[in-house]
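*Asks:* The structure that follows is given in the form of structure tokens.
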Amino acid sequence: RTVALIGAPTDVGAGARGASMGPEALRVAGLADALRAQGVQVLDRGNLHGPANPWQPAQGGYRHLDEVVAWNRAVHAAVHAELQHGHLPILLGGDHCLAMGSISAVARHCRAVGRTLRVLWLDAHADFNTSELTPSGNLHGMPVAVLCGFGPTALTHLGGASPALHPSQVRQIGIRSVDPGEKRFVHEQRLEVYDMRYIDEMGMRHTMEQVLAGLDDNTHLHVSFDVDFLDPDIAPGVGTTVPGGPTYREAQLCMEMIADTGRLGSLDIVELNPALDERNRTARLAVDLVESLFGKSTLMREHQVRRRG
Ligand code: ARG
Ligand code: MN
Ligand code: MN
Ligand code: MN
């Protein structure tokens, strides 16, 4: 297996500055070596380039639309190229608006090769706003809606065809902050949401069994990991903390159960904000969780699977 790291150092879609430093913080935390320790070959492609953050108010319901389009075109091209080489792309964000570029590329690739795409959206937020619904205009609150065909044409058509995704291809996990209009739209579009209430009542194991039900050998799993998914007590280095997220153990189990499927095909690590972190601990935690996502476990996998199954 070969993994390609693609840095996208920008915070144009966010409401706080600093996610632009995410890629380097993940490298400093040892991401490449951690992956190599899991037996994967790692190609660090360095960072993409794009416009600076103009830090302007919203226009027509969007902040920095032109800049978000430019960054996402670059991300789309880079992620698509890696998939065509047979590599597993890891997007190092950057804020979560960049998932429009990465997931549109994954969807385009899956369409071309006839694979079934399922997106696991690990996040405190549903990121399902539109220009009419958004309270902020920040495009990092809109990527799921855009990928499902709701948004400005320049973004909904990044991969040519639109929509890139049908809502039934998405599973959201860890959700605990959804804006009022956004909530109505989530229900209307029938997004499959495993919110914190569900995880509290049913446990992470049952949650992930639901999330991962029905996969087959033809499934490409994309994990979009917004670091604010995690409880802020363990992951303070994000711009939009929401209390009451998954604990360290719950997050580890979530990653391990995804790894056990063997279907991981691409990954985003987004919203890490080193300006708000404490001595890079959130980046180190993210790396720790990515190790589990790539198969690190205490015991041999065979033993784990037998015990569970
Ligand atoms: N729902 C809020 C908004 O739309 C917050 C979105 C936060 N998104 C994120 N990727 N951190 O402004
Ligand atoms: Mn190669
Ligand atoms: Mn979030
Ligand atoms: Mn998000």
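Each row is one residue, and each column tells you yes or no for (1) closer than 16 Å to GLN38 by Cβ; (2) buried (at least 18 other Cβ atoms within 10 Å of the Cβ).
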{"position": "TYR248", "(1), (2)": "no, no"}
{"position": "LEU253", "(1), (2)": "no, yes"}
{"position": "ASN273", "(1), (2)": "no, yes"}
{"position": "ASP277", "(1), (2)": "no, yes"}
{"position": "ARG281", "(1), (2)": "no, no"}
{"position": "LEU289", "(1), (2)": "yes, yes"}
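*Asks:* Cβ-Cβ under 8 Å, sequence separation 6+ or interchain: first residue in the stretch 121-135 and farther than 11 Å from SER177 by Cβ, partner among the aromatic types (Phe, Trp, Tyr) and near ligand 3 (Cβ under 9 Å from one of its atoms). Which pairs?
*Replies:* Close Cβ pairs satisfying both conditions: LEU122/PHE229.
*Asks:* Tell me the helices (runs of 4 or more DSSP H) entirely within the stretch 143-233 that contain at least 3 residues that are away from ligand 3 (no atom under 16 Å from the Cβ).
*Replies:* It comes to 153-156, 180-188, 196-211.
*Asks:* Using the structure shown, decide if GLU67 is crowded, with 18+ Cβ neighbours inside 10 Å and either within 16 Å of ligand 3 (Cβ to nearest atom) or without any contact (Cβ under 8 Å) to a residue 60 or more places away in the chain (or both).
*Replies:* It is true that GLU67 is crowded, with 18+ Cβ neighbours inside 10 Å and either within 16 Å of ligand 3 (Cβ to nearest atom) or without any contact (Cβ under 8 Å) to a residue 60 or more places away in the chain (or both).
*Asks:* Residues in the stretch 31-64 that are surrounded by 13 or more Cβ atoms within 10 Å (Cβ to Cβ), over 15 Å from ARG1 (Cα atoms) and among the aliphatic types (A, V, I, L, M): how many?
*Replies:* Residues in the stretch 31-64 being surrounded by 13 or more Cβ atoms within 10 Å (Cβ to Cβ), over 15 Å from ARG1 (Cα atoms) and among the aliphatic types (A, V, I, L, M): 3 in total.
*Asks:* Right, another one. Determine whether HIS220 is surrounded by fewer than 18 Cβ atoms within 10 Å (Cβ to Cβ) and away from ligand 4 (no atom under 16 Å from the Cβ).
*Replies:* no
*Asks:* Got a sec? Which of LEU191, LEU230 is touching a helix residue (DSSP H, G or I) at 6+ places or on another chain (Cβ under 9 Å), within 16 Å of ligand 1 (Cβ to nearest atom), within 18 Å of ALA124 (Cβ to Cβ) and free of Cβ contacts under 8 Å to residues at least 60 places away in the same chain?
*Replies:* From the options LEU191, LEU230, the qualifying one is LEU230.
*Asks:* For the condition among the hydrophobic types (A, V, I, L, M, F, W, C), within 19 Å of LEU26 (Cβ to Cβ), in contact with a Phe, Trp or Tyr (Cβ under 9 Å, 6 or more places away or on another chain) and modelled with pLDDT of 95 or more, what is the one hit in ALA99, ALA78, ALA126?
*Replies:* Exactly one residue qualifies, and that residue is ALA99.
The values are calculated or read from the model by the stated rules, or taken from the named source; none is laboratory data. Quick caveat: nothing in here was measured; it's all calculated off a predicted structure. Neighbour counts run over all protein chains shown; Cβ positions are idealised from the backbone, glycine included.
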